[in-house]
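J.: There's a structure below that I have some questions on.
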Amino acid sequence: MATVNLNGYRDGGGGGSGSSSSGGYYNNSGPSSSQYPIQGKKDQWIKLNVGGTCFLTTKTTLSRDPNSFLSRLIQEDSDLISDRDETGAYLIDRDPRYFAPVLNYLRHGKLVLDDGLSEEGVLEEAEFYNVTHLIGLLKDNIARREQRPTIDKKRVYRVLQCQENELTQMVSTMSDGWRFEQLINIGTSYNYGAEENAEFLCVVSKECANTLIGRENESNDRAKVLQQKGSRM
């Protein structure tokens, strides 16, 4: 029976055909313990109690950045003082949600953020734990994000001409962000069969990115003029 540590590697070195686990579980399908001896590995496991949540990892993972708080914390001659809980886990008063991405970065060298976590929040933790490469990565990501051009939006108007008996259907079927603004009776009546109908101008609008504004300017200006005329009727 071989154990699988939190880094996804089997204790004792080497690969193996069995499946790996990220929770430190035993793998019955893996090679025998004689092939991968686990003697002397118990002291490699480290427990951290971060804000009430326990994390199990290894000295190898925490030592990936030798100058980090975590690497210094687990040294036998550490100059850092940390209380431990009843299980022997190091007590760290930080947010466990934001600690998880820091620990995972030390495990596999990739930044992975769960939904609801911000890069700024992880940067705060990376700076606390002094994980140098992660700090640089996060600062670069944030700088690139802030340099992206913002999409300015402007309300665009359109004018639709319709008959009296088409008004209800037209207003009820508007979609794709368009909304009804104003109805203007242009006063043209005509007979259609036995019924008398009138013509209307329906002003609608929606927010569009500036990239689309150029194509909408003409109808936009016309709609505003018609709105002004309609308000005086």
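J.: Return the pairs, sorted by first residue and then second, in which the second residue is among the polar types (S, T, N, Q) and surrounded by fewer than 17 Cβ atoms within 10 Å (Cβ to Cβ), the first residue lies in region 132-143 and is over 11 Å from L111 (Cβ atoms), the beta carbons are less than 8 Å apart, and the residues are 6+ apart or on different chains.
T.: Listed pairs, sorted by first residue: T132/N67.
J.: Then there is this: Within region 28-37, can one find any residue that is buried (at least 17 other Cβ atoms within 10 Å of the Cβ), modelled with pLDDT of 50 or more and not polar (S, T, N, Q)?
T.: no
J.: Could we say that T173 is at pLDDT below 80, among the polar types (S, T, N, Q) and open to solvent by 60 Å² or more (accessible area, probe 1.4 Å) here? Reasoning before the result, please.
T.: Working: at pLDDT below 80: yes; among the polar types (S, T, N, Q): yes; open to solvent by 60 Å² or more (accessible area, probe 1.4 Å): yes.
In short, yes.
J.: Residues to consider are E125, E199; find the one that is out of contact with any Asp or Glu (no Cβ under 6 Å at 6 or more places or on another chain), surrounded by 14 or more Cβ atoms within 10 Å (Cβ to Cβ), modelled with pLDDT of 85 or more and not aliphatic (A, V, I, L, M). Talk me through it step by step, then tell me what you get.
T.: On the way: E199 fails: modelled with pLDDT of 85 or more.
Going through E125, E199 in turn, the sole match is E125.
Quick grid of which residues meet (1) on the phi > 0 side of the Ramachandran plot; (2) exposed (fewer than 10 other Cβ atoms within 10 Å of the Cβ); (3) modelled with pLDDT of 95 or more:
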| site | (1), (2), (3) |
| --- | --- |
| L73 | no, no, no |
| S78 | no, no, no |
| I81 | no, yes, no |
| E86 | no, yes, no |
| Y98 | no, no, yes |
| L103 | no, no, yes |
| H108 | no, no, no |
| L113 | no, no, no |
| L117 | no, no, no |
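The values are calculated or read from the model by the stated rules, or taken from the named source; none is laboratory data. Every value quoted in this text rests on a predicted model; they were computed, and no experiment measured them. Cβ coordinates were reconstructed from backbone atoms using ideal geometry, including for glycine residues, and neighbour counts include every protein chain displayed. All accessible areas refer to the heavy atoms of the entire protein, side chains included, with ligands and DNA or RNA removed. Shrake-Rupley method; radii C 1.70, N 1.55, O 1.52, S 1.80 Å.
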